[in-house]
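So the structure is just underneath, and the comments pick up after that.
The values are calculated or read from the model by the stated rules, or taken from the named source; none is laboratory data. What you see is a predicted model, and the numbers here were worked out from it, not measured in a lab. Because the Cβ atoms are built from the backbone with ideal geometry, glycine has one as well, and the counts that use them run over all protein chains shown. Only protein heavy atoms, including side chains, enter the accessible area calculation; ligands, DNA and RNA are left aside. Shrake-Rupley method; radii C 1.70, N 1.55, O 1.52, S 1.80 Å.
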Amino acid sequence: MQDKTIEAAAPSTGQALRYKVAGMDCPSCVGKIETALRRLPGTSGVGLNLHSQILRMTLDEAATPRATVEATIRGLGFGVEPADTLRVSEGDGMATGNAAATEPRWWQTGRGRLTILIALLVGGGSLLSLLAPAVSEVALMPAALFGLAVFGRRALRLARSGSPFSIEMLMSVATLGALLIGEAEEAAVVVLLFAIGELLEGVAAGTARSGIRALSALVPRTALLIEGENARAVPVEQLEVGQLVLVRPGDRVSADGVVEEGESDIDESPVTGESVPVAKAVGSPVFAGGINATGVLRVRVTRKASDNTIARIVQLVEEAQAAKSPTARWIERFSARYTPAVIAVSVLTVLVPPLAFGGDWHSWIYRGLALLLIGCPCALVLSTPAAIASGIAAGARRGLLIKGGAALEAIGKVRTIAFDKTGTLTLGQPRVTDLVPLDGNERTLLGLAATVESGSAHPLARAILERAAADGVPLRPARDRKAVPGRAVQAVVSGRLIEVGSPRHAVERGAAGSLPADTVAAFEEEGKTVAVVLADGRPVGLLALRDEPRPDAAQGIAALRGLGVRSVMLTGDNRRTGQAVARTLGLEVEAELLPEDKLRAIAGLKGEGTVAMIGDGINDGPALAAADVGIAMGGGTDVALETADAALLGNCVEGVADLVTLSRATLANIHQNVAFALGLKAVFLVTTLFGITDLWLAILADTGATILVTLNALRLLRRKGASPAPAL
């Protein structure tokens, strides 16, 4: 689903470099830098992430020294610093823990200082005009000339670097033209408004970046490392896998790990979005950043700080924000043609009326210059990525990990959602409820089943093994263990072929006449899953297991129904059990499906519209890949973070409705931004041609639209949870 903007590095003898680039506020900044660097000899694999601000590239220094690379970036008006000198976690460019980089105050930035200086020149010139009217025509010329020198030099460098139609070029031409026709006052105001606009865009972009950086700040700076009977404070970056840390009541968990000793409730909402504290005991996993509520815990570290769940979420979110959505790619193609077209219209506006109709040169040059300023596509180009970035960051804050703009757009267009049953709609913690021996006793039956299931990670297998362990039933020696996907597992035990499978498998093996069909039917009507134990093809007993639905499953399905989304359960379980669970939850069901049957079911649903598949991310890989959008239930596991297009870290079915409403809100935000950007330009295009729009209004229309588009996108960061959203 994802379209990576970062190129794969071509085979090269060069060195891989990483830089931190400061001062970017929109995708066009990324394009300017990448275009300039790709024109340098010996560069390859150039990729710049707007949100992490990390530039990656491969450089052959025999062709281009790295000093030239740094000078090129600085010459375009951006700050640059080798990323290896920063305190970052591997791979994501983000500082770990509370060392997360913070945005400088606006007056501390180069743009801030430049804006203040231009404002002082404009203010001083205006005051001089009031005190000495005789020099009013030239009082503001220093401000205009200073701004023209700064932005004009940047425009020329961009043009030489392959970006001739930059906003800096359009603004510089308009400023120079205004000076030439004697409009120094308007030229100065244009320069000032442009500087203010750039400054505000940077502030808004910094706010968006801080939204995801706040996740990194959830991890404490220090951990209490247990050494013998004592605990001492150490930086979290020094923790190693296998060490023990102490987590006291009220503390934040300092590392991903497993509880070694103690019991407590932990608020994991900052990581998974889970709204209530989660009970933890020995063996329970915990995530860095969670808040310990009650008891004292000893936690065995399972991941270093640079690789904990929050660090991986930040990395994946930043990669997702860098991936372009279909709408963003379309707008980029449109804007590449839009700006030259507006420039052509501007030139025609200057030349045609005076030459063909005897129009006043001053008036039509003025209108042409105003059109140049209106022609900047910044607001349009920013309209989609700003909304996508905010939507992805807003989801991450609530435990909804969305891995790219394409996935975020597609989720809102979903018409049908297919759910796996075990571990998705149910808790994935089945228990053996009944043992029905047909030959021998219960212990013999349970021992055979547990022996065959030994080593399997399937939830039903774990339930059988747990029951055997609880009853003290030993496992027997076995050989030739084998799984028949979707049907049974088998092994040779005491010289006999023992199989544990579904009633359907038993029938296919020719054992229909020996099965107690009434007993099987009664269990299945109760929503229980029946496993048949076969010895050399003959039934020797039944095991009934039940997996309870998740507490929020019915509400989650109801919420989707309210959004106009159809829900279907796809399960390999028998039809009666599937129907019993489906009746409880209020959704449709297709049962007794083999893995290939699930693929066919997904294909059939796709014929009716966009389809999402929700699975546990372990055994639903093919179906997740086949759907338009694959969503994994994961609770922060590697599978949930690395597979599918989105993951519900909180393991809540209601999170699916949250995903849909967030996606629809993001799509609506994109539509608002595009309509506003294009609509405003259309209005000012008309007013400029009729001589109504001044130069300062033209630049205000562009920078103002860019700022408003960004602020509108940032509204998504304030979304707290699911709310009804119309189907799109």
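Residues that are out of contact with any Asp or Glu (no Cβ under 7 Å at 6 or more places or on another chain) and within 17 Å of Arg576 (Cα to Cα): find the strands (runs of 3 or more DSSP E) completely inside the stretch 478-531 holding 1 or more of those.
496-501
Looking only at the stretch 287-342, which residues are open to solvent by 40 Å² or more (accessible area, probe 1.4 Å) and outside any helix (DSSP H, G or I)?
If the condition is that a residue be open to solvent by 40 Å² or more (accessible area, probe 1.4 Å) and outside any helix (DSSP H, G or I), then Ile291, Ala293, Thr294, Val296, Arg298, Arg300, Thr302, Arg303, Lys304, Lys324 are the ones that fit.
Quick one: in the stretch 676-728, of everything that is among the charged types (D, E, K, R) and assigned to a helix (DSSP H, G or I), which residue is modelled with the lowest pLDDT?
Asp702
When residues of the stretch 424-455 are filtered for being in contact with a Pro (Cβ under 9 Å, 6 or more places away or on another chain), within 21 Å of Asp573 (Cβ to Cβ), open to solvent by 20 Å² or more (accessible area, probe 1.4 Å) and not hydrophobic (A, V, I, L, M, F, W, C), how many remain?
Here the count works out to 1.
Could you pull out the residue among Val532, Val493 that is over 30 Å from Asp658 (Cβ atoms) and in contact with a strand residue (DSSP E or B) (Cβ under 7 Å, 6 or more places away or on another chain)?
On inspection, the qualifying residue turns out to be Val532.
Report the residue count in the stretch 510-531 for those that are among the β-branched types (Val, Ile, Thr) and open to solvent by 30 Å² or more (accessible area, probe 1.4 Å).
1
Taking interchain pairs and intrachain pairs at least six residues apart, which have beta carbon atoms under 6 angstrom, with the first residue in the stretch 444-459 and in contact (Cβ under 8 Å) with a residue 12 or more places away in the chain and aliphatic (A, V, I, L, M) and the second open to solvent by 20 Å² or more (accessible area, probe 1.4 Å) and assigned to a helix (DSSP H, G or I)?
Note: pairs meeting the criteria are Ala450/Leu465.
Going by what's in this entry, would Asp420 be described as among the acidic types (Asp, Glu) and either out of contact with any strand residue (DSSP E or B) (no Cβ under 6 Å at 6 or more places or on another chain) or over 30 Å from Asn651 (Cβ atoms) (or both)?
no
All but one of (1) open to solvent by 30 Å² or more (accessible area, probe 1.4 Å); (2) touching a residue at least 24 places away in the same chain (Cβ under 8 Å); (3) more than 22 Å from Leu382 (Cβ to Cβ) hold for Leu127, so report the exception by its number.
(2)
Yes/no matrix, rows are residues, columns are (1) exposed (fewer than 13 other Cβ atoms within 10 Å of the Cβ); (2) at pLDDT 50 or above:
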site	(1), (2)
Asp84	yes, yes
Asn98	no, no
Trp107	yes, yes
Arg111	no, yes
Thr115	no, yes
Leu120	yes, yes
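Need the failing condition index for Gly47 against (1) touching a Lys or Arg at 6+ places or on another chain (Cβ under 6 Å); (2) at pLDDT 85 or above; (3) buried (at least 19 other Cβ atoms within 10 Å of the Cβ), just the number.
(3)
Of a type outside the set (S, T, N, Q), crowded, with 17+ Cβ neighbours inside 10 Å and either in a helix (DSSP H, G or I) or modelled with pLDDT under 90 (or both): does that describe Pro354? It would help to see each step written out before you state the result.
On the way: of a type outside the set (S, T, N, Q): yes; crowded, with 17+ Cβ neighbours inside 10 Å: no; either in a helix (DSSP H, G or I) or modelled with pLDDT under 90 (or both): yes.
No, not satisfied.
Let me confirm something: among Ala554, Ala535, Ala506, Ala488, which residue is surrounded by fewer than 20 Cβ atoms within 10 Å (Cβ to Cβ), closer than 23 Å to Lys421 by Cα and not aromatic (Phe, Trp, Tyr)? Spell out how you get there, then give the answer.
Working: Ala535 fails: closer than 23 Å to Lys421 by Cα; Ala506 fails: surrounded by fewer than 20 Cβ atoms within 10 Å (Cβ to Cβ); Ala488 fails: surrounded by fewer than 20 Cβ atoms within 10 Å (Cβ to Cβ).
Result of the check over Ala554, Ala535, Ala506, Ala488: Ala554.
Of all the residues that make up the stretch 411-423, how many are open to solvent by 20 Å² or more (accessible area, probe 1.4 Å) and more than 14 Å from Arg546 (Cβ to Cβ)? If you could, list the steps in order and put the result at the bottom.
Within the stretch 411-423, the subset open to solvent by 20 Å² or more (accessible area, probe 1.4 Å) is 413, 415, 422.
So of that shortlist, the ones also more than 14 Å from Arg546 (Cβ to Cβ) come out as 413, 415.
Residues flagged as open to solvent by 20 Å² or more (accessible area, probe 1.4 Å) and more than 14 Å from Arg546 (Cβ to Cβ) within the stretch 411-423 amount to 2.
One residue is enough: does the stretch 580-602 have a residue meeting the conditions within 22 Å of Pro551 (Cβ to Cβ), among the aliphatic types (A, V, I, L, M), at pLDDT 90 or above and assigned to a helix (DSSP H, G or I)?
yes
Kindly provide the set of residues from the stretch 542-570 that are out of contact with any Asp or Glu (no Cβ under 7 Å at 6 or more places or on another chain) and assigned to a loop (DSSP other than H, G, I, E, B), ordered by number.
Once the filter is applied, which keeps residues that are out of contact with any Asp or Glu (no Cβ under 7 Å at 6 or more places or on another chain) and assigned to a loop (DSSP other than H, G, I, E, B), the stretch 542-570 yields Asp547, Glu548, Arg550, Pro551, Leu563, Gly564, Val565.
Taking Gly228, is it touching a Pro at 6+ places or on another chain (Cβ under 6 Å) and at positive phi?
Criteria not met by Gly228.
How about the stretch 170-187: which of its residues are aliphatic (A, V, I, L, M) and surrounded by fewer than 22 Cβ atoms within 10 Å (Cβ to Cβ)?
Val173, Leu176, Leu179, Leu180, Ile181
For a quick check of your reading of the model, give me the residue pairs whose first member lies in the stretch 47-60 and is β-branched (Val, Ile, Thr), whose second is in a strand (DSSP E or B) and open to solvent by 20 Å² or more (accessible area, probe 1.4 Å), with beta-carbon atoms closer than 8 Å and at least 6 apart or on different chains.
These pairs meet every condition: Ile54/Arg18; Ile54/Lys20; Thr58/Gln15; Thr58/Ala16; Thr58/Thr43; Thr58/Ser44.
Among the residues of the stretch 199-218, is any assigned to a strand (DSSP E or B) and in contact with a strand residue (DSSP E or B) (Cβ under 9 Å, 6 or more places away or on another chain)?
No, that holds for no residue.
Could you check the stretch 238-273 and list, in sequence order, the residues that are open to solvent by 30 Å² or more (accessible area, probe 1.4 Å), under 18 Å from Leu218 (Cβ atoms), assigned to a loop (DSSP other than H, G, I, E, B) and among the acidic types (Asp, Glu)?
Asp251
Sort out which residues of the stretch 643-655 are crowded, with 24+ Cβ neighbours inside 10 Å and either within 15 Å of the chain's Cα centre (by Cα) or of a type in the set (Gly, Ala, Ser) (or both), and write them in order of number.
Answer for the stretch 643-655, where residues must be crowded, with 24+ Cβ neighbours inside 10 Å and either within 15 Å of the chain's Cα centre (by Cα) or of a type in the set (Gly, Ala, Ser) (or both): Ala644, Asp645, Ala646, Ala647, Leu648, Leu649, Gly650, Gly655.
Please work out which residue is farthest from the chain's Cα centre (by Cα), limiting yourself to the stretch 217-234 and to residues that are in contact (Cβ under 8 Å) with a residue 60 or more places away in the chain, more than 14 Å from Arg298 (Cα to Cα) and open to solvent by less than 70 Å² (accessible area, probe 1.4 Å).
For the stretch 217-234, the residue satisfying everything is Pro220.
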